[in-house]
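Q: My questions will all concern the structure given below.
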Amino acid sequence: MSEITKNTEGSSAAPAAEDASAPHMPPVKPPMVQFKGILKKFGKVLAVEKTDLDIEEGSLVTLLGPSGCGKTTLLRMVAGLETPTEGDIFIKGKRINDVPIHQRNLGMIFQNYALFPHKSIYDNVAFGLKYRKIPKEEIREKVLRALEMVRLPGVEKRMPGQLSGGQQQRIALARAIVIEPDVLLMDEPLSALDENLREDMRREIDNLQQMLGVTTIFVTHDQREALSMSDKIVVMKNGKKQQEGVPEEVYNRPANHFVADFLGHSNFTSAVVQGREGNFVKVELETGNILLADAPGDWKEGEEVEVVVRAQRFEAMLQEEFSPDGQTNYFEGKIRDRSYMGGEVSYFIDMAGGKEVHVISMMRSRIYGIGNDVVVQVAPEHCHLLPLE
Ligand SMILES: Nc1ncnc2c1ncn2[C@@H]1O[C@H](COP(=O)(O)OP(=O)(O)OP(=O)(O)O)[C@@H](O)[C@H]1O
Ligand SMILES: [Mg+2]
(Lines give C-alpha, C1' and ligand atoms only; values in the text may rest on other atoms or scores of the structure.)
(Ligands and ions follow the chains in the order given, each with its own letter.)
Protein backbone atom coordinates (compact mmCIF):
# COMPACT_ATOMS: atom_id res chain seq x y z
CA MET A 1 0.00 0.00 0.00
CA SER A 2 2.76 2.38 -0.72
CA GLU A 3 2.02 5.90 -1.88
CA ILE A 4 4.08 5.35 -4.95
CA THR A 5 1.30 3.37 -6.59
CA LYS A 6 -0.83 6.47 -6.74
CA ASN A 7 0.69 7.80 -9.92
CA THR A 8 1.44 4.60 -11.73
CA GLU A 9 1.98 5.37 -15.37
CA GLY A 10 -0.70 4.36 -17.76
CA SER A 11 -3.23 3.52 -15.07
CA SER A 12 -6.09 4.77 -17.19
CA ALA A 13 -8.56 3.02 -14.94
CA ALA A 14 -7.52 5.08 -11.94
CA PRO A 15 -10.55 5.92 -9.81
CA ALA A 16 -11.89 9.42 -10.30
CA ALA A 17 -11.54 10.13 -6.59
CA GLU A 18 -7.78 10.10 -7.01
CA ASP A 19 -7.89 12.75 -9.69
CA ALA A 20 -10.06 14.86 -7.44
CA SER A 21 -7.50 14.54 -4.67
CA ALA A 22 -4.99 16.43 -6.81
CA PRO A 23 -7.04 19.15 -8.49
CA HIS A 24 -3.95 21.30 -8.94
CA MET A 25 -2.40 18.77 -11.32
CA PRO A 26 -3.10 19.84 -14.91
CA PRO A 27 -3.81 17.05 -17.36
CA VAL A 28 -0.57 15.88 -18.89
CA LYS A 29 -0.55 17.17 -22.45
CA PRO A 30 2.61 17.07 -24.52
CA PRO A 31 3.97 20.39 -25.77
CA MET A 32 2.93 21.22 -29.32
CA VAL A 33 6.56 21.09 -30.44
CA GLN A 34 9.36 19.43 -28.56
CA PHE A 35 13.06 19.32 -29.39
CA LYS A 36 14.89 16.55 -27.58
CA GLY A 37 18.67 16.54 -27.79
CA ILE A 38 18.55 18.10 -31.23
CA LEU A 39 21.93 18.69 -32.82
CA LYS A 40 22.73 19.72 -36.38
CA LYS A 41 26.02 19.63 -38.22
CA PHE A 42 26.72 20.74 -41.76
CA GLY A 43 29.92 18.84 -42.48
CA LYS A 44 32.21 20.10 -39.75
CA VAL A 45 30.10 23.15 -38.94
CA LEU A 46 28.12 22.69 -35.74
CA ALA A 47 25.08 24.82 -36.58
CA VAL A 48 22.98 23.82 -33.56
CA GLU A 49 24.40 22.34 -30.35
CA LYS A 50 22.47 19.72 -28.41
CA THR A 51 19.21 21.51 -27.66
CA ASP A 52 16.09 20.73 -25.66
CA LEU A 53 13.13 23.00 -26.11
CA ASP A 54 9.40 22.78 -25.44
CA ILE A 55 6.90 24.96 -27.27
CA GLU A 56 3.48 24.97 -25.64
CA GLU A 57 0.28 24.82 -27.64
CA GLY A 58 -1.06 28.22 -28.62
CA SER A 59 2.09 30.10 -27.66
CA LEU A 60 4.29 32.38 -29.73
CA VAL A 61 7.94 31.57 -29.17
CA THR A 62 10.73 33.59 -30.72
CA LEU A 63 14.19 32.33 -31.48
CA LEU A 64 16.36 35.40 -31.00
CA GLY A 65 20.04 35.77 -31.68
CA PRO A 66 22.70 37.25 -33.96
CA SER A 67 23.39 36.14 -37.51
CA GLY A 68 24.61 32.57 -37.79
CA CYS A 69 23.46 31.40 -34.34
CA GLY A 70 21.31 28.61 -35.75
CA LYS A 71 17.79 30.08 -35.71
CA THR A 72 16.89 29.22 -39.28
CA THR A 73 18.42 25.77 -38.96
CA LEU A 74 16.20 24.99 -35.95
CA LEU A 75 13.14 26.18 -37.83
CA ARG A 76 14.03 24.24 -40.97
CA MET A 77 14.31 21.07 -38.92
CA VAL A 78 10.73 21.55 -37.68
CA ALA A 79 9.63 22.18 -41.25
CA GLY A 80 11.36 19.06 -42.52
CA LEU A 81 13.71 21.02 -44.76
CA GLU A 82 16.73 19.79 -42.77
CA THR A 83 17.27 16.51 -40.95
CA PRO A 84 18.67 16.58 -37.41
CA THR A 85 22.11 14.99 -37.07
CA GLU A 86 21.11 13.83 -33.60
CA GLY A 87 17.99 13.95 -31.47
CA ASP A 88 14.26 13.91 -32.04
CA ILE A 89 11.55 16.41 -32.83
CA PHE A 90 8.00 15.79 -31.70
CA ILE A 91 4.80 17.52 -32.74
CA LYS A 92 1.83 16.82 -30.46
CA GLY A 93 3.86 14.06 -28.86
CA LYS A 94 4.52 12.28 -32.16
CA ARG A 95 8.08 11.89 -33.42
CA ILE A 96 8.28 13.57 -36.80
CA ASN A 97 11.93 13.10 -37.83
CA ASP A 98 10.87 10.86 -40.70
CA VAL A 99 7.54 12.47 -41.56
CA PRO A 100 7.73 14.15 -44.98
CA ILE A 101 7.21 17.91 -45.22
CA HIS A 102 3.74 17.84 -46.76
CA GLN A 103 2.41 15.60 -44.00
CA ARG A 104 3.49 17.90 -41.19
CA ASN A 105 0.62 20.42 -41.45
CA LEU A 106 2.77 23.51 -40.99
CA GLY A 107 2.28 27.07 -42.19
CA MET A 108 5.50 28.74 -43.27
CA ILE A 109 6.58 32.26 -43.99
CA PHE A 110 10.25 32.42 -44.74
CA GLN A 111 12.56 35.35 -45.41
CA ASN A 112 12.63 34.71 -49.13
CA TYR A 113 9.53 32.66 -49.49
CA ALA A 114 7.85 34.80 -52.11
CA LEU A 115 4.40 34.44 -53.60
CA PHE A 116 4.06 32.72 -56.96
CA PRO A 117 4.29 35.76 -59.27
CA HIS A 118 2.22 34.29 -62.10
CA LYS A 119 -0.63 33.02 -59.95
CA SER A 120 -3.48 35.21 -58.79
CA ILE A 121 -3.78 36.11 -55.12
CA TYR A 122 -6.64 33.62 -54.93
CA ASP A 123 -4.52 30.78 -56.31
CA ASN A 124 -1.61 31.75 -54.09
CA VAL A 125 -3.71 31.54 -50.95
CA ALA A 126 -5.57 28.41 -52.11
CA PHE A 127 -2.32 26.64 -52.97
CA GLY A 128 -1.99 24.58 -49.79
CA LEU A 129 -5.64 23.55 -49.86
CA LYS A 130 -5.67 22.05 -53.35
CA TYR A 131 -3.80 18.98 -52.20
CA ARG A 132 -6.26 18.28 -49.44
CA LYS A 133 -9.26 16.99 -51.35
CA ILE A 134 -11.46 19.80 -50.10
CA PRO A 135 -14.57 20.72 -52.15
CA LYS A 136 -14.12 23.82 -54.34
CA GLU A 137 -16.82 25.76 -52.55
CA GLU A 138 -15.16 25.18 -49.19
CA ILE A 139 -11.79 26.24 -50.58
CA ARG A 140 -13.39 29.46 -51.75
CA GLU A 141 -14.87 30.15 -48.32
CA LYS A 142 -11.58 29.49 -46.60
CA VAL A 143 -9.57 31.67 -48.98
CA LEU A 144 -11.95 34.61 -48.68
CA ARG A 145 -12.02 34.28 -44.90
CA ALA A 146 -8.20 34.22 -44.75
CA LEU A 147 -8.04 37.38 -46.88
CA GLU A 148 -10.45 39.05 -44.49
CA MET A 149 -8.34 38.02 -41.54
CA VAL A 150 -5.28 39.73 -42.98
CA ARG A 151 -7.51 42.72 -43.77
CA LEU A 152 -7.21 42.48 -47.53
CA PRO A 153 -10.67 41.43 -48.67
CA GLY A 154 -11.39 41.83 -52.37
CA VAL A 155 -7.87 41.44 -53.75
CA GLU A 156 -8.26 37.80 -54.80
CA LYS A 157 -8.28 38.52 -58.55
CA ARG A 158 -5.13 40.63 -58.50
CA MET A 159 -1.61 39.43 -59.21
CA PRO A 160 1.15 39.69 -56.54
CA GLY A 161 2.95 42.40 -58.54
CA GLN A 162 -0.10 44.63 -58.11
CA LEU A 163 0.28 44.69 -54.34
CA SER A 164 2.74 46.55 -52.12
CA GLY A 165 5.48 44.72 -50.22
CA GLY A 166 3.53 44.84 -46.98
CA GLN A 167 0.37 43.61 -48.70
CA GLN A 168 2.26 40.74 -50.31
CA GLN A 169 3.55 39.77 -46.90
CA ARG A 170 -0.01 39.68 -45.62
CA ILE A 171 -0.97 37.41 -48.49
CA ALA A 172 1.89 35.13 -47.47
CA LEU A 173 0.38 35.17 -43.99
CA ALA A 174 -3.06 34.31 -45.37
CA ARG A 175 -1.55 31.47 -47.37
CA ALA A 176 0.10 30.13 -44.22
CA ILE A 177 -2.95 30.24 -41.96
CA VAL A 178 -5.57 29.10 -44.49
CA ILE A 179 -4.56 25.47 -44.03
CA GLU A 180 -5.17 25.76 -40.27
CA PRO A 181 -1.66 24.60 -39.45
CA ASP A 182 -0.63 22.93 -36.20
CA VAL A 183 2.36 25.23 -36.13
CA LEU A 184 3.15 28.47 -37.90
CA LEU A 185 6.84 28.91 -38.72
CA MET A 186 8.08 32.39 -39.50
CA ASP A 187 11.66 33.23 -40.37
CA GLU A 188 12.29 36.98 -40.21
CA PRO A 189 9.05 37.69 -42.08
CA LEU A 190 9.31 41.43 -41.49
CA SER A 191 12.94 42.01 -42.43
CA ALA A 192 12.17 43.36 -45.90
CA LEU A 193 9.68 45.95 -44.65
CA ASP A 194 10.45 49.51 -43.60
CA GLU A 195 10.28 50.54 -39.95
CA ASN A 196 6.67 51.75 -39.73
CA LEU A 197 5.30 48.92 -41.78
CA ARG A 198 7.25 46.48 -39.65
CA GLU A 199 5.55 47.74 -36.56
CA ASP A 200 2.09 47.47 -38.13
CA MET A 201 2.77 43.96 -39.38
CA ARG A 202 4.22 42.96 -36.04
CA ARG A 203 1.00 43.95 -34.30
CA GLU A 204 -1.05 42.29 -36.98
CA ILE A 205 0.77 38.99 -36.68
CA ASP A 206 0.51 39.21 -32.91
CA ASN A 207 -3.26 39.83 -33.00
CA LEU A 208 -3.89 37.17 -35.58
CA GLN A 209 -1.81 34.64 -33.68
CA GLN A 210 -3.78 35.29 -30.52
CA MET A 211 -7.11 35.23 -32.29
CA LEU A 212 -6.38 31.92 -33.99
CA GLY A 213 -4.45 30.53 -31.03
CA VAL A 214 -2.00 28.98 -33.47
CA THR A 215 1.31 27.79 -32.04
CA THR A 216 3.98 29.94 -33.65
CA ILE A 217 7.76 29.82 -33.87
CA PHE A 218 9.07 33.19 -34.91
CA VAL A 219 12.69 33.75 -35.86
CA THR A 220 14.22 37.20 -35.53
CA HIS A 221 17.41 38.99 -34.63
CA ASP A 222 15.39 42.07 -33.66
CA GLN A 223 15.03 42.27 -29.89
CA ARG A 224 12.11 44.70 -30.05
CA GLU A 225 10.16 42.28 -32.20
CA ALA A 226 10.92 39.49 -29.76
CA LEU A 227 10.11 41.49 -26.64
CA SER A 228 6.82 42.82 -27.93
CA MET A 229 5.33 39.64 -29.39
CA SER A 230 6.55 36.63 -27.50
CA ASP A 231 5.09 34.41 -24.85
CA LYS A 232 8.59 33.01 -24.59
CA ILE A 233 11.94 34.13 -25.94
CA VAL A 234 14.77 31.71 -26.62
CA VAL A 235 18.06 33.58 -26.86
CA MET A 236 20.73 31.80 -28.90
CA LYS A 237 24.41 32.26 -29.61
CA ASN A 238 26.71 30.04 -31.68
CA GLY A 239 24.10 27.31 -31.97
CA LYS A 240 23.57 27.20 -28.22
CA LYS A 241 20.55 28.21 -26.20
CA GLN A 242 21.59 30.91 -23.72
CA GLN A 243 18.33 31.51 -21.91
CA GLU A 244 14.62 30.93 -22.35
CA GLY A 245 11.83 32.72 -20.55
CA VAL A 246 9.04 35.25 -20.78
CA PRO A 247 10.20 38.62 -22.16
CA GLU A 248 10.28 40.36 -18.76
CA GLU A 249 12.41 37.61 -17.31
CA VAL A 250 14.93 37.54 -20.12
CA TYR A 251 15.14 41.32 -20.15
CA ASN A 252 15.23 41.94 -16.40
CA ARG A 253 17.11 38.86 -15.28
CA PRO A 254 19.55 38.01 -18.06
CA ALA A 255 21.32 34.73 -17.37
CA ASN A 256 24.71 35.84 -18.63
CA HIS A 257 26.74 38.63 -20.19
CA PHE A 258 25.70 37.77 -23.73
CA VAL A 259 21.98 37.97 -23.00
CA ALA A 260 22.37 41.21 -21.04
CA ASP A 261 24.38 42.70 -23.88
CA PHE A 262 22.17 41.46 -26.70
CA LEU A 263 18.89 42.69 -25.23
CA GLY A 264 18.79 46.38 -24.48
CA HIS A 265 21.63 48.79 -23.80
CA SER A 266 23.62 47.65 -20.80
CA ASN A 267 26.53 49.00 -18.79
CA PHE A 268 28.97 46.41 -17.47
CA THR A 269 31.66 46.71 -14.88
CA SER A 270 33.55 44.21 -12.77
CA ALA A 271 33.33 44.32 -8.98
CA VAL A 272 34.14 42.38 -5.82
CA VAL A 273 31.48 41.36 -3.30
CA GLN A 274 32.08 42.97 0.09
CA GLY A 275 29.16 41.51 2.02
CA ARG A 276 25.55 42.33 2.69
CA GLU A 277 23.95 45.56 3.77
CA GLY A 278 20.36 45.00 4.78
CA ASN A 279 18.62 43.35 1.86
CA PHE A 280 21.32 44.37 -0.57
CA VAL A 281 24.62 42.98 -1.71
CA LYS A 282 27.44 45.47 -1.30
CA VAL A 283 30.10 45.44 -4.00
CA GLU A 284 33.23 47.47 -4.68
CA LEU A 285 33.48 48.51 -8.32
CA GLU A 286 36.78 48.45 -10.17
CA THR A 287 36.78 52.23 -9.84
CA GLY A 288 36.73 51.90 -6.04
CA ASN A 289 33.14 53.08 -5.71
CA ILE A 290 30.71 51.18 -3.54
CA LEU A 291 27.42 50.00 -5.00
CA LEU A 292 24.42 48.31 -3.44
CA ALA A 293 22.65 45.72 -5.57
CA ASP A 294 19.32 44.06 -4.98
CA ALA A 295 20.62 40.72 -6.21
CA PRO A 296 18.98 37.48 -5.18
CA GLY A 297 21.34 34.55 -4.85
CA ASP A 298 24.21 33.43 -2.74
CA TRP A 299 27.03 35.92 -3.31
CA LYS A 300 30.17 35.32 -1.27
CA GLU A 301 32.48 37.93 0.17
CA GLY A 302 35.51 38.32 -2.07
CA GLU A 303 33.72 36.85 -5.11
CA GLU A 304 34.41 38.59 -8.39
CA VAL A 305 31.26 39.59 -10.21
CA GLU A 306 30.03 41.63 -13.12
CA VAL A 307 27.54 44.42 -12.44
CA VAL A 308 24.96 45.11 -15.13
CA VAL A 309 22.86 48.26 -15.26
CA ARG A 310 20.53 49.12 -18.12
CA ALA A 311 21.17 52.53 -19.70
CA GLN A 312 17.53 53.46 -19.07
CA ARG A 313 17.84 52.75 -15.35
CA PHE A 314 20.35 55.52 -14.59
CA GLU A 315 19.11 58.95 -13.65
CA ALA A 316 21.33 61.84 -14.66
CA MET A 317 21.22 65.25 -12.96
CA LEU A 318 23.45 68.30 -12.71
CA GLN A 319 26.02 68.09 -9.91
CA GLU A 320 25.09 71.55 -8.65
CA GLU A 321 21.50 70.42 -8.18
CA PHE A 322 22.28 67.16 -6.44
CA SER A 323 22.45 66.87 -2.68
CA PRO A 324 24.28 63.74 -1.60
CA ASP A 325 22.87 63.54 1.96
CA GLY A 326 21.52 60.08 2.63
CA GLN A 327 21.96 59.02 -1.01
CA THR A 328 23.59 55.85 -2.30
CA ASN A 329 24.62 54.48 -5.67
CA TYR A 330 25.57 57.80 -7.22
CA PHE A 331 28.64 58.63 -9.27
CA GLU A 332 30.09 61.84 -10.66
CA GLY A 333 31.01 62.39 -14.26
CA LYS A 334 31.07 64.70 -17.25
CA ILE A 335 28.95 64.38 -20.38
CA ARG A 336 31.21 63.53 -23.29
CA ASP A 337 28.66 62.81 -25.98
CA ARG A 338 24.97 63.07 -26.49
CA SER A 339 22.48 62.05 -29.13
CA TYR A 340 18.93 63.10 -29.46
CA MET A 341 16.75 60.20 -30.52
CA GLY A 342 13.30 61.74 -30.50
CA GLY A 343 11.53 60.95 -27.26
CA GLU A 344 14.73 60.07 -25.48
CA VAL A 345 18.31 61.28 -25.19
CA SER A 346 21.35 59.06 -25.13
CA TYR A 347 24.32 60.30 -23.08
CA PHE A 348 27.85 58.95 -22.86
CA ILE A 349 29.37 60.11 -19.61
CA ASP A 350 33.02 59.95 -18.54
CA MET A 351 33.08 58.88 -14.90
CA ALA A 352 35.62 59.98 -12.30
CA GLY A 353 37.28 56.54 -12.19
CA GLY A 354 37.90 56.47 -15.94
CA LYS A 355 34.88 54.38 -16.91
CA GLU A 356 32.25 55.44 -19.39
CA VAL A 357 28.56 55.14 -18.60
CA HIS A 358 25.77 55.04 -21.14
CA VAL A 359 22.57 56.68 -19.92
CA ILE A 360 19.32 56.81 -21.87
CA SER A 361 17.05 59.44 -20.45
CA MET A 362 13.38 59.81 -21.28
CA MET A 363 12.85 63.47 -22.08
CA ARG A 364 10.81 64.55 -19.14
CA SER A 365 12.20 68.01 -18.63
CA ARG A 366 15.40 69.19 -20.21
CA ILE A 367 18.44 68.03 -22.10
CA TYR A 368 21.90 68.38 -20.62
CA GLY A 369 24.81 69.58 -22.72
CA ILE A 370 28.17 68.17 -23.62
CA GLY A 371 30.67 69.14 -20.90
CA ASN A 372 28.04 69.39 -18.15
CA ASP A 373 29.14 68.01 -14.77
CA VAL A 374 26.54 65.49 -13.74
CA VAL A 375 25.72 62.86 -11.17
CA VAL A 376 24.30 59.55 -12.28
CA GLN A 377 22.36 57.43 -9.86
CA VAL A 378 20.74 54.03 -9.99
CA ALA A 379 18.42 52.26 -7.54
CA PRO A 380 19.75 48.99 -6.07
CA GLU A 381 16.87 47.04 -7.63
CA HIS A 382 18.19 47.97 -11.05
CA CYS A 383 21.70 46.69 -10.33
CA HIS A 384 22.07 43.14 -11.53
CA LEU A 385 24.96 40.83 -10.63
CA LEU A 386 26.39 38.07 -12.82
CA PRO A 387 29.21 35.68 -12.00
CA LEU A 388 32.37 36.90 -13.76
CA GLU A 389 32.86 34.80 -16.92
N1 LIG B 1 23.33 24.43 -45.82
C2 LIG B 1 24.35 24.76 -45.04
N3 LIG B 1 25.58 24.30 -45.26
C4 LIG B 1 26.62 24.62 -44.45
N5 LIG B 1 26.53 25.42 -43.38
C6 LIG B 1 25.32 25.93 -43.11
C7 LIG B 1 24.16 25.63 -43.91
N8 LIG B 1 23.11 26.29 -43.39
C9 LIG B 1 23.56 26.96 -42.31
N10 LIG B 1 24.88 26.75 -42.14
C11 LIG B 1 25.71 27.28 -41.06
O12 LIG B 1 25.07 26.98 -39.82
C13 LIG B 1 25.14 28.08 -38.93
C14 LIG B 1 23.74 28.51 -38.53
O15 LIG B 1 23.08 29.06 -39.65
P16 LIG B 1 21.61 29.61 -39.61
O17 LIG B 1 21.21 29.93 -41.00
O18 LIG B 1 20.75 28.66 -38.85
O19 LIG B 1 21.78 30.94 -38.76
P20 LIG B 1 20.72 32.10 -38.44
O21 LIG B 1 20.71 32.24 -36.96
O22 LIG B 1 19.43 31.82 -39.09
O23 LIG B 1 21.41 33.39 -39.06
P24 LIG B 1 20.75 34.67 -39.82
O25 LIG B 1 20.25 35.59 -38.73
O26 LIG B 1 21.90 35.27 -40.53
O27 LIG B 1 19.67 34.20 -40.71
C28 LIG B 1 25.95 29.15 -39.65
O29 LIG B 1 27.29 29.02 -39.24
C30 LIG B 1 25.80 28.78 -41.11
O31 LIG B 1 26.90 29.21 -41.84
MG1 LIG C 1 18.34 32.81 -40.58
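The values are calculated or read from the model by the stated rules, or taken from the named source; none is laboratory data. Note that this is a predicted model, so its numbers are computed, not measured. Cβ sites come from the backbone with ideal geometry, for glycine too, and all protein chains shown count toward neighbours.
Q: Among all residue pairs at least 6 apart or on different chains, which show Cβ distances below 9 Å where the first residue, located in segment 93-114, is of a type outside the set (V, I, T) and the second is modelled with pLDDT of 90 or more and exposed (fewer than 13 other Cβ atoms within 10 Å of the Cβ)?
A: From residues that are of a type outside the set (V, I, T), the pairs are N97/T83; D98/T83.
Q: Kindly indicate whether A379 is touching a helix residue (DSSP H, G or I) at 6+ places or on another chain (Cβ under 8 Å) and of a type in the set (G, A, S).
A: Answer is yes for this residue.
Q: Hey, can you tell me all the residues within segment 136-176 that are among the charged types (D, E, K, R) and within 25 Å of the chain's Cα centre (by Cα)?
A: R170, R175, listed by residue number.
Q: Here's something else I'd like to know. Please go through segment 84-127 and give me each residue that is part of a strand (DSSP E or B) and over 22 Å from E57 (Cα atoms), ordered by number.
A: Listed by number, the list holds a single entry, E86.
Q: Here's a check for you: in segment 107-125, which residue that is modelled with pLDDT under 95 and among the hydrophobic types (A, V, I, L, M, F, W, C) is nearest to ligand 2 (Cβ to nearest atom)?
A: F110
Q: Still on this structure, I have one more. Name every residue in segment 287-339 that is in contact with a Lys or Arg (Cβ under 7 Å, 6 or more places away or on another chain) and hydroxyl-bearing (S, T, Y), in order of residue number.
A: If the condition is that a residue be in contact with a Lys or Arg (Cβ under 7 Å, 6 or more places away or on another chain) and hydroxyl-bearing (S, T, Y), then T287 is the only one that fits.
Q: Take the residues in segment 77-117 that are surrounded by 13 or more Cβ atoms within 10 Å (Cβ to Cβ) and among the polar types (S, T, N, Q); name whichever of them is nearest to ligand 1 (Cβ to nearest atom).
A: Q111
Q: Residues D261, D222, D206: which one is within 14 Å of L190 (Cβ to Cβ), away from ligand 1 (no atom under 16 Å from the Cβ) and either more than 8 Å from the chain's Cα centre (by Cα) or at pLDDT 95 or above (or both)?
A: The match here is D206.
Q: Sort out for me the helices (runs of 4 or more DSSP H) sitting completely within segment 172-281 that have 2 or more residues that are out of contact with any Phe, Trp or Tyr (no Cβ under 8 Å at 6 or more places or on another chain) and exposed (fewer than 15 other Cβ atoms within 10 Å of the Cβ).
A: In segment 172-281, 195-212, 223-229, 247-252 are the helices (runs of 4 or more DSSP H) which contain 2 or more residues that are out of contact with any Phe, Trp or Tyr (no Cβ under 8 Å at 6 or more places or on another chain) and exposed (fewer than 15 other Cβ atoms within 10 Å of the Cβ).
Q: Kindly evaluate K130 against the criterion of being part of a helix (DSSP H, G or I) and either more than 16 Å from ligand 1 (Cβ to nearest atom) or of a type outside the set (A, V, I, L, M, F, W, C) (or both).
A: Taking the combined requirement at face value, the residue satisfies it.
Q: While we're here: Tell me the residue from L46, L53, L74, L39 that is in the same structural domain as R104 (by TED's automatic domain parsing), crowded, with 21+ Cβ neighbours inside 10 Å and at pLDDT 95 or above, please.
A: L74
Q: Let me ask another. When the residues of segment 177-198 are narrowed to those that are away from ligand 2 (no atom under 16 Å from the Cβ) and more than 21 Å from G128 (Cβ to Cβ), which ends up nearest to the chain's Cα centre (by Cα)?
A: Selected residue: R198.
Q: Still on this structure, I have one more. Exactly one condition in (1) of a type in the set (G, A, S); (2) within 32 Å of the chain's Cα centre (by Cα); (3) closer than 22 Å to N256 by Cα is false for S361; which is it?
A: Failing condition for S361: (3).
Q: Does segment 42-51 include one or more residues that are assigned to a loop (DSSP other than H, G, I, E, B), β-branched (V, I, T) and either touching a Ser or Thr at 6+ places or on another chain (Cβ under 7 Å) or over 23 Å from L227 (Cβ atoms) (or both)?
A: no
Q: When segment 58-83 is examined, which residues are found to be near ligand 2 (Cβ under 10 Å from one of its atoms) and assigned to a strand (DSSP E or B)?
A: L63
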